[in-house]
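Participant: Have a look at this one.
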Amino acid sequence: MSNHILIEKRINAFNKKIFVSSDKSISIRTILLASQAVGISRISNLLESEDVLNSLKTIKKLGIQYKKSGNTYIIEGFGLNGFNTQKKITVNAGNSGTLARLILGLLVKSKKRVKLIGDKSLSKRDFSRVIIPLRKFGVNIRSKKNLLPIQILGSEFLRPIKYNENIGSAQVKSCMILAALNTPGISVFNTKASRNHTELMLKSLKYPIKIEKKRDNDLIEIRGLSQFKGFNYSVPGDISSASFFIVLTLLSKKSEIVIKNVNVNNSRVGIIKILNKMGANIKLKRKKIYKGEKIANIHVKSKENLKAINCHPKLNSSAIDEFLIIFLVAAKSKGISKFKELGEMNKKESKRLNLGVKFLRSIGIKVDRFKNNINIHGNPNLILSKNFEMKNFLKDHRIFFLSCITALTLGGKWKITDKDSINTSFPNFLEILKKIGAQIH
């Protein structure tokens, strides 16, 4: 089967209601927490993407059984440190930085050495940010140049730590929290604000975790070795997946969309705040709280005359996965949009800041680059008519999604390769586009 698609026509006006794929961050965290709970957990609406399925394979390799019944995964946990690590094991995180970093936090008491590997892209990513705090807990962890493969051997003599996390990485924070679950005493983390799904889940499980909000930081105190029972969880829609349909609607003519039942956690809605500052009118309706998470329907209408933004770096962490598609809106807006301190984008599945700049220039947009800051010179009249071939973008699913939305809103004839990359996070992306009216071959 071919691994590319062709898009040769812009999408016609549409008015639709859709569901997008389930939240990947929450899907992975529910699996990992269920593996540490006492008894049966039932997780419905789990995202069945490669990253999430790799999480299920990982806990199974570590001795935790699961089965699927209808739309629900049933996972049986044996409590904290319930993994079976009596023999040497290799676990494969595939492409998932979330799984790779978080599972290390749960292996801090492994009795035998566990080897963590990943795919080519993940093997280029920096793990020093979790290796350093894990060593402070007393874990024996080995790696060449802070890259995968990593060998981890747990300790019976873990000690609680105090640690400053100043990157604003939810993966690092969650790794430390999961390590603290398995450690006697109280660990204290002063963390730069980032997405907080792990903390909200633990609070909903009545786990002894305290969170004090400072100005730009969270002070987290967590008491280790407190068991918690199995739980039920229904995973909401993923705002990262919704973001592509938000922008598709915004940049199409006379179109409207309602994206139903999406997680709109404050630490994730940077894209909505940024686009509304640029003149969009994105509304959240039917809001509710589910296990600490905010859920809502997202209402979007087409908008002409969008304006440039001088984007405050405070918004970066809540939009870090969505900046590629935000750049496309900046390309179609009036004026020069400025984005600063985006170095974290280059720590993702690919060097996304570099690739984003290259992509914008390839469609005729002037971009000024100053290390991790960029200025995008918008062109509200931008319409594409040339032939474009998108390949060699390191199989990054978000570059694939960006290319599709660009083709459907700006025109041109596009051949887009690495279709299989969508399986990482959003396997039914093309199916939903076709239901809205996109012609994709």
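Participant: Can you give the helix-only mean residue ellipticity at 222 nm for the chain, where every DSSP H stretch with n ≥ 4 adds -39500 (n - 2.57) and the sum goes over all residues, rounded to the nearest 500 deg cm²/dmol?
Facilitator: Working: 12 runs with 126 residues, N = 441.
Theoretical 222 nm ellipticity from helices: -8500 deg cm²/dmol.
Participant: Separate question: What is the helix-to-structure angle for 24-34, meaning the angle in degrees between its Cα long axis and the longest Cα principal axis of the chain, kept from 0 to 90 and rounded to the nearest 10?
Facilitator: Once rounded, one gets 10 degrees.
Participant: As an exercise, use a Förster radius of 30 Å and the Cβ-Cβ distance of ASN354 and LYS9 to find the FRET efficiency, rounded to the nearest 0.05.
Facilitator: On the way: r = 30 Å, r/R0 = 1.00.
Given R0 = 30 Å and the Cβ-Cβ separation, E is 0.50.
Participant: Please build a GNM for the chain, connecting alpha carbons under 10 Å apart, and tell me which residue among ARG135, ARG215, ARG113 fluctuates the most.
Facilitator: Highest fluctuation among the options: ARG215.
Participant: Given labels modelled 7 Å from the Cα in the Cβ direction, how far is it in nm from LYS68 to GLN86?
Facilitator: For the pair LYS68/GLN86, the computed spacing is 3.0 nm.
Participant: Let me ask something else about it. Quick one: which of LYS340/LYS435; LYS57/LYS415; LYS9/LYS371; LYS68/LYS435; LYS287/LYS413 span more than 31 angstrom between C-alpha atoms?
Facilitator: Details: LYS340/LYS435 37 Å; LYS57/LYS415 34 Å; LYS9/LYS371 36 Å; LYS68/LYS435 28 Å; LYS287/LYS413 40 Å.
The pairs that break the limit, which is 31 Å between Cα atoms, are LYS340/LYS435; LYS57/LYS415; LYS9/LYS371; LYS287/LYS413.
Participant: Within region 359-441, which trypsin sites (Lys or Arg not before Pro) sit in a loop by DSSP and count at most 15 neighbouring Cβ atoms inside 10 Å?
Facilitator: The qualifying sites are LYS371, LYS391.
Participant: Based only on the alpha carbon positions, what is the Kirkwood hydrodynamic radius of region 1-157, in angstrom?
Facilitator: With all distinct Cα pairs of region 1-157 included, I get 17.2 Å.
Participant: Here is a follow-up. Would you kindly state how much longer the chain becomes between ASN428 and ASN166 on full extension, computed as 0.36 nm times their sequence separation minus their alpha carbon distance, in nm to one decimal?
Facilitator: Values: separation 262, 0.36 × 262 = 94.32 nm, distance 3.57 nm.
90.7 nm is the gain from fully extending ASN428 to ASN166.
Participant: So which trypsin sites (Lys or Arg not before Pro) in region 226-276 are both in a DSSP loop and have at most 15 other Cβ atoms within 10 Å of their Cβ?
Facilitator: Of the trypsin sites (Lys or Arg not before Pro), the ones in loops of region 226-276 whose Cβ has at most 15 other Cβ atoms within 10 Å are LYS253, LYS254.
Participant: Moving to a separate point now. If r is the Cβ-Cβ distance from PHE370 to LYS144 and R0 is 30 Å, what FRET efficiency results, to the nearest 0.05?
Facilitator: Taking R0 as 30 Å, the efficiency between PHE370 and LYS144 is 0.35.
Participant: How high is the relative contact order of the chain, in percent, counting Cα pairs under 8 Å that sit 6 or more residues apart? Intermediate results must be reported in sequence, preceding the final value.
Facilitator: Details: 1006 pairs, mean separation 83.2, N = 441.
About 19 percent, as a whole number.
Participant: Calculate how steeply helix 239-251 sits against the longest principal axis of the alpha-carbon atoms of the chain, using the helix alpha-carbon long axis, and give the answer as 0 to 90 degrees to the nearest 10.
Facilitator: So the inclination is approximately 10 degrees.
Participant: Can you give the % of DSSP beta bridges in the chain that are antiparallel, to the nearest 5? Before the final figure, lay out each step's value.
Facilitator: On the way: 57 of 82 bridges.
Around 70 percent of the beta bridges assigned by DSSP in the chain are antiparallel ones.
Participant: So what are the three principal axis dimensions of region 128-261 from its Cα atoms, in whole Å, longest to shortest?
Facilitator: Computed over region 128-261, the largest-to-smallest principal extents equal 63, 38, 32 Å.
Participant: Now, a different point. If you average the alpha carbon positions of region 57-74 and of region 353-387, how far apart do those two centres end up, in angstrom?
Facilitator: 44 Å
Where a number appears in this text, it was derived from the coordinates with a stated rule and is not lab data. Everything numeric in this text was worked out from a predicted model, so none of it was measured. Every residue, glycine as well, gets a Cβ built from its backbone with ideal geometry; the counts of neighbours run over all protein chains shown.
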